[in-house]
Amino acid sequence: MAEIFKDRKSANEAKFSLDQETQFKVDSRRNKLLGLWLGERLGKTESQLDAYAKEVVISDLEEAGDEDVIRKVMKDIADAGSDLTDADIRAKLEEFEMEARDQILGDDG
């Protein structure tokens, strides 16, 4: 009986680890999509878009949650004189979250 619980615990730990890894991939893809979208709106050139998207992805490593990404892009929006709002960015994050999840789960499963 103890072996069954041990196996179940191992399976749950593996699933949690996989879920965490999958969520990290989804978040990274979502942030890249946001960076590419926003970069275009801020007038980045084609050659600047990938670098900007990477900056957005890296900004998410500062703290848990999305606030670090939102702070970074809102500063960039203000610096560029764009009229995009916090609500616009949060809506795009939600939209790109779904798109990224479809892309990642489509790749892996």
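Only the coordinates and a few stated rules stand behind these numbers; no lab work does. From a predicted model like this one, the values you see are computed outputs, not experimental measurements. Here the Cβ is made from the backbone with ideal geometry for all residues, glycine too, and neighbour counts use every protein chain on show.
Size of the dipole of the range 25-108 about the Cα centre, Lys and Arg at +1 and Asp and Glu at -1 on the beta carbon, nothing else charged, in debye to 20?
180
Which of the GluC sites (Glu not before Pro) found in the range 63-100 are loop residues per DSSP with 16 or fewer other Cβ atoms within 10 Å of their Cβ?
Values: sites: Glu63, Glu67, Glu94, Glu95, Glu97, Glu99; in loops: Glu63.
Sparse-neighbourhood loop GluC sites (Glu not before Pro): Glu63.
Over the range 25-108, calculate the relative contact order: mean separation of alpha carbon pairs under 8 Å at least 6 apart, over the residue count, as a percent.
38
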